[in-house]
Amino acid sequence: MTKKEFVDDIAIRGEITKKEAENLVNLFLETVSDNLEKGNSVGFVGWGKWEVLKRAAREVRNPQTGNKMKIKAKKVVKFRVGKSLEEKIAEAK
């Protein structure tokens with residue numbers, strides 16, 4: 001599902017205009033990304049949680065050449081699915 005399709009679905013389900021739905025989606029995405037940028041996690045009970053994790057620097061091997069390469073430490077975003085959503089997906093047909 002693309003962002004446009006998602007906005008259209010929100011508009012239909014919420015019985016609001018596409019412009020209002022797009023504003024709501026953009027506000028949601030901005031709020032989540034701003035909080036993750038600050039290092040805060042964002043979670044919804046039963047649905048899931050986004051959190052920022054620190055990935056340590058490490059040395060890897062290039063599979064094509066066999067040469068060793070160093071990868072710098074970095075922050076990554078991880079999403080952990082909540083129990084209710086996980087069960088709903090497992091039951092879907």
Residue identified as surrounded by 13 or more Cβ atoms within 10 Å (Cβ to Cβ), in a helix (DSSP H, G or I) and not assigned by TED's automatic domain parsing to the domain that holds residue 73 among 22, 5: 22
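Assess whether residue 39 counts as being exposed (fewer than 11 other Cβ atoms within 10 Å of the Cβ) and free of Cβ contacts under 8 Å to residues at least 60 places away in the same chain.
For residue 39, the condition - exposed (fewer than 11 other Cβ atoms within 10 Å of the Cβ) and free of Cβ contacts under 8 Å to residues at least 60 places away in the same chain - is met.
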Show the residue pairs that are 6+ apart or on different chains and have beta-carbon atoms under 6 Å apart, the first residue being within region 12-31 and under 25 Å from residue 50 (Cα atoms), the second being modelled with pLDDT of 95 or more. 21/7; 21/10; 21/11; 22/7; 25/7
Restricting the first residue to region 76-93 and requiring it to be touching a residue at least 24 places away in the same chain (Cβ under 8 Å), which pairs with a second residue that is exposed (fewer than 11 other Cβ atoms within 10 Å of the Cβ) and of a type outside the set (Asp, Glu) meet a Cβ separation below 6 Å and a spacing of at least six or different chains? 76/53; 78/53
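The values are calculated or read from the model by the stated rules, or taken from the named source; none is laboratory data. What you see is a predicted model; the values in this text were computed from it and never measured. Cβ atoms come from the backbone with ideal geometry, glycine included; neighbour counts cover every protein chain shown.
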